Amino acid sequence: MIGIDTIKCSICSDDHVFDVLAIDAAMMPCFDGASRQHKASRCNLRLLADFIDVTPDIDAIKAIKSDEEAALIRRTAAVQDEVFADVLKEIRPGLRDIDVTSIAQRKGQMLGSEQGIFLGGSSPLGIRSPFVPRYLQGRTLEKGDHLSLLIEINGPGGFYTEIARTIVLGKASSELKDAFAAVKAA
């Protein structure tokens with residue numbers, strides 16, 4: 001933080017206090033939250049700082065990984081692979097989709113992951129099985145179903161990795177195999 005400025009609005013007569021680097025316009029009485037626009041007609045607020053978008057510069061810095069960061073990302077990916085292997089050992093007909101995503105979440109936490117997204121949805125073969133949030137993961141798996149599973153976890157250093165797979169509880173149809181081959185070739 002560089003400093004704090006108090007700015008008096010000549011229309012609403014309120015003092016607006018801002019951190020110079022991070023003005024939260026939503027906190028201003030003369031800010032229309034619905035349109036996310038400052039209503040100049042309601043306020044004569046003059047900002048005392050110039051703001052420059054340095055997002056491209058920051059993105060370029062973040063994109064370059066040190067050897068240590070690359071090792072942490074690889075470790076997170078290894079944890080995720082171990083989580084997926086555990087899911088494959090435990091998945092079976094009779095479990096609900098949420099039981100499967102809970103297996104993934106539990107294993108990830110046991111291996112040191114603190115946060116993650118676990119989406120899974122099942123359906124009979126031939127019917128789309130999209131990733132769905134937890135409150136929609138109540139379907140019970142049956143023999144021959146397939147489940148689409150997304151595991152996105154963090155690991156050492158706070159880095160995230162993501163894996164998405166389709167698991168078939170039985171034999172995958174030739175149509176499903178062909179579709180995956182086409183996606184892989186693309």
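Figures for the structure shown
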| read-out | value |
| --- | --- |
| Other-chain or far-sequence residues with amide H under 5 Å of V132's (modelled H) | G120, G121 |
| Alpha-carbon Debye profile of the stretch 115-186, log10 I(q)/I(0) at 0.24, 0.25 Å⁻¹ | -1.07, -1.11 |
| D178 paired with A70, simple spin-label distance in nm, labels 7 Å along Cα-to-beta-carbon | 4.1 |
| Förster radius 25 Å - calculated FRET efficiency between A164 and D59, Cβ distance, rounded to 0.05 | 0.55 |
| Neighbourhood charge, 14 Å Cβ-Cβ cut-off, centred on G108 and excluding it, Lys, Arg +1 and Asp, Glu -1 | -4 |
| For peptides 120-131, 60-71, 161-172, sequence by mean Cβ density within 10 Å, most packed first | 120-131, 161-172, 60-71 |
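Each value in this text was obtained by applying a stated rule to the coordinates, not by laboratory testing. Fair warning: this is a prediction, and the values are worked out from it, not measured in the lab. We place every Cβ from the backbone using ideal geometry, glycine too, and count neighbours over all the protein chains shown.
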